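Student: Below you'll find the structure I mean.
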Amino acid sequence: MDSMFAVMISVEELDLSMFDTSNVKSMYFMFSNCSAKKINLSSFDTSNVINMSEMFSYCSALTTLDVSNFNTNKVTSMSNMFRGCSRLVT
């Protein structure tokens, strides 16, 4: 899923609650530079992900993001995961 939603402009909200991510290994740069204010990742299965580097980097419009269900046991890299997310509150 590397760069899957990167540099998406004119998007206010993404609901990805129906995505099956159980076999995903890398989410590198997945939402980087995305203009969404809210991204629903409530059902993301991240149990096999090893790379989350720059996943949300420079999502400067992003205000709401719930990653409380993320399983990061196998993740080896989260560098700059939230870099430039200046409006992120929750």
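The values are calculated or read from the model by the stated rules, or taken from the named source; none is laboratory data. Every value quoted in this text rests on a predicted model; they were computed, and no experiment measured them. Note that each Cβ is placed from the backbone with ideal geometry, even for glycine, and that neighbours are counted across all protein chains shown. Protein only, heavy atoms only, side chains kept; ligands, DNA and RNA dropped before computing areas. Shrake-Rupley method; radii C 1.70, N 1.55, O 1.52, S 1.80 Å.
Student: For the chain, just run the numbers: alpha carbon Rg, then divide by 2.2 N^0.38 Å, N being how many residues it has.
Tutor: On the way: Rg = 11.8 Å, N = 90, 2.2 N^0.38 = 12.2 Å.
Working it through for the chain, the quotient is 0.97.
Student: On the full set of protein chains, 1.4 Å probe, figure out the accessible area of Val75 and give it in Å² to the nearest 10.
Tutor: Counting only protein heavy atoms, Val75 exposes about 30 Å² to solvent.
Student: Another question about this same structure. For the chain, modelled as a GNM with alpha-carbon contacts under 10 angstrom, which of Leu62, Leu16, Leu41 fluctuates the most?
Tutor: So, out of Leu62, Leu16, Leu41, the one fluctuating most is Leu16.
Student: Rounded to a whole number, what % of the accessible area of region 13-86 do carbon and sulfur atoms account for, probe 1.4 Å? Don't skip to the end; give the middle numbers.
Tutor: Details: 1720 of 3650 Å².
Here carbon and sulfur together make up 47 percent of the probe-accessible area.
Student: Related question: Mind checking which of Lys25, Lys74, Lys37 has the largest fluctuation in a GNM of the chain, springs on alpha carbons under 10 Å?
Tutor: Answer for the Gaussian network model of the chain: Lys74.
Student: Percent relative contact order of the chain, based on C-alpha pairs within less than 8 angstrom and at least six residues apart? Could you put the intermediate results ahead of the total?
Tutor: On the way: 244 pairs, mean separation 25.3, N = 90.
That works out to 28 percent.
Student: How much solvent-accessible surface does Ile39 expose, in Å² to the nearest 10, with a 1.4 Å probe and all protein chains in place?
Tutor: 10
Student: Moving on to the next point. Can you tell me the accessible area per residue over the chain, all protein chains present, probe 1.4 angstrom, in square angstrom?
Tutor: For the chain, the per-residue accessible area is 55 Å².
Student: Right, something else. If I model a spin label at Lys74 and Lys25 as a point 7 Å from the Cα along the Cα→Cβ vector, what separation in nanometres do I get?
Tutor: Between Lys74 and Lys25, the label points sit 0.9 nm apart.
Student: While we're on this one: How many nm separate the modelled label positions at Ser3 and Val67, each set 7 Å beyond the Cα in the direction of the Cβ?
Tutor: 2.1
Student: Here's something else I'd like to know. Would you look at the GNM of the chain, springs on alpha carbons closer than 10 Å, and say which of Met52, Met78, Met30 moves the most?
Tutor: Per the Cα network of the chain with a 10 Å cutoff, Met78 tops the list.
Student: How large is ³J(HN,Hα), in whole Hz, for each residue of region 6-14 in order, when computed from phi with the Karplus curve 6.51 cos²θ - 1.76 cosθ + 1.60 and θ = phi - 60°, using x for Gly and Pro?
Tutor: Values, residue by residue: 5, 6, 7, 10, 6, 10, 9, 8, 10 Hz.
Student: Using a 1.4 Å probe on the protein heavy atoms only, what accessible surface does Asp45 show? Give it in Å² to the nearest 10.
Tutor: Taking all protein chains as shown, Asp45 has close to 60 Å².
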